[in-house]
1. Output yes when any residue across region 153-160 is without any contact (Cβ under 8 Å) to a residue 60 or more places away in the chain, among the small types (G, A, S) and either under 27 Å from N77 (Cβ atoms) or in a loop (DSSP other than H, G, I, E, B) (or both), and no when none is.
2. Here are L149, L110: which of them is assigned to a loop (DSSP other than H, G, I, E, B), in contact with a helix residue (DSSP H, G or I) (Cβ under 7 Å, 6 or more places away or on another chain) and either surrounded by fewer than 17 Cβ atoms within 10 Å (Cβ to Cβ) or in contact (Cβ under 8 Å) with a residue 24 or more places away in the chain (or both)?
3. Please indicate, with yes or no, whether at least one residue in region 125-145 is buried (at least 21 other Cβ atoms within 10 Å of the Cβ), in a helix (DSSP H, G or I) and not aliphatic (A, V, I, L, M).
4. Looking at region 61-93 only, could you name the residues that are buried (at least 19 other Cβ atoms within 10 Å of the Cβ) and either outside any loop (DSSP other than H, G, I, E, B) or on the phi > 0 side of the Ramachandran plot (or both)?
Amino acid sequence: MFSCWRLIFFMSLFLALFLWTSVSTAMKADCSPIEKKPVKVEAWMSKQYAKNLRQIRNDFSAMGNTRVTLWVYPTKNPSKIVAIGSCVPAYIGRHMLRKAIEYSGGVSSLVHQGFFSSKWIGLGTSLFAESSFRPVTKDQLMKLMDPSLDTKKFQATYRQLTTQKKKVKAFGLLLDNPKLLDNP
């Protein structure tokens, strides 16, 4: 009986350390030059675009320095959630936000950068828990898409818009956010 509890304790400790190192590694961005390591773009598209994926892929990759993968979403409309990595240049981020508006009908939420790779963009994604992203208004989105923002200001604005709430609603209660990450 005692050894079973000891095993559970050590397994829990190992899992906690593994998750902590994984998250802390994800938070430290490797912003190698865009020419050496392009941005990976994954977009979930409505079924209505299934026949035009080749043309749409070219449209998405028009900015260059990207590797684009398009997925056909199983229902009519994919989510309006967007994730933009911390090493993505502003001009690519703005281009992808425009494409999300064009092909997904808008952007309703942005995902905190600590949950994915620094050179990754997800459009129409439903991969993240609700406590991992924040709703964004049209005005906030326009501020983020401002062409006068350089990459540093674009990324700072994105991080500001994705600051997570410390408390979230769950099971009819207001609880600590289990996915809370600090902005760097």
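No lab work stands behind these numbers, since they all come straight from the coordinates. Nothing here was measured: the structure is a model prediction, and the numbers come from that model. Cβ coordinates were reconstructed from backbone atoms using ideal geometry, including for glycine residues, and neighbour counts include every protein chain displayed.
1. Among the residues of region 153-160, not one is without any contact (Cβ under 8 Å) to a residue 60 or more places away in the chain, among the small types (G, A, S) and either under 27 Å from N77 (Cβ atoms) or in a loop (DSSP other than H, G, I, E, B) (or both), which makes the answer no.
2. Details: L110 fails: assigned to a loop (DSSP other than H, G, I, E, B).
After ruling out the rest, the residue left standing is L149.
3. Checked against the condition, which is being buried (at least 21 other Cβ atoms within 10 Å of the Cβ), in a helix (DSSP H, G or I) and not aliphatic (A, V, I, L, M), region 125-145 yields at least one hit.
4. Residues satisfying the conditions are T66, V68, L70, I81, V82, A83, I84, A90, I92, G93.
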